[in-house]
Amino acid sequence: MDEIMEANRAVLDGNERLGKAVAQVLRAADLQMARYMERMGSGVYVHTGGSRVSVWWWYSTEAERTTAPAPWTGEDGGVRAKVVAALEIAGFCLSSEEANSSRIVLSYADNPQV
């Protein structure tokens, strides 16, 4: 039982490091990062939870969601495309789990280098 708990803890700790590393790479790429509960705080959000890290565009207010242009696109020049490029250049392996989703997903299992 202790071995299982230690293995689970190692995955959670690795995933936490991965989330921090992903956020650091995206900030260094000069992407607009989300600022929680701030007016005009919409931006790229990095969520670390369980066994994976998810990245998506987060709108800080409903008004921004309904009136602001949709920057989260995979087309050339879109924020999603820039996020993917920054992560791939940094050597991260993206999960194919949600390749056609609005989220980008990474896992510690695929990125043990962090």
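Readers should treat all values here as calculations from the given coordinates under stated rules, not as data from a laboratory. Every value quoted in this text rests on a predicted model; they were computed, and no experiment measured them. When we count neighbours, we look across all protein chains shown, and the Cβ atoms used for this are built from the backbone with ideal geometry, even at glycine.
General remarks:
- The chymotrypsin sites (Phe, Trp or Tyr not before Pro) found in segment 14-100 that occupy coil by DSSP, while having at most 10 further C-beta atoms within 10 Å, are Tyr36.
- For the chain, the Cβ-based charge dipole about the Cα centre amounts to some 380 debye (Lys, Arg positive; Asp, Glu negative; other atoms uncharged).
- Of the trypsin sites (Lys or Arg not before Pro) in segment 32-92, those whose Cβ has at most 11 other Cβ within 10 Å and which sit in DSSP loop: Arg39
- Tilt relative to the chain, helix 2-28 - C-alpha long axis, 0 to 90 degrees, to 10: 30 degrees
- DSSP bridge orientation in the chain - percent antiparallel, rounded to nearest 5: 90 percent
- The chain - convex hull of alpha carbons, volume per residue in Å³: 113 Å³
- Extension gain for the segment Asp110 to Ala29, taken as residue separation times 0.36 nm less the Cα-Cα distance, is 27.0 nm to one decimal.
- Sparsely packed GluC sites (Glu not before Pro) within segment 1-93, loop by DSSP, other Cβ within 10 Å at most 12: Glu38, Glu75
- Principal-axis analysis of the Cα atoms of the chain puts helix 79-89 at an angle of about 40° to the longest axis.
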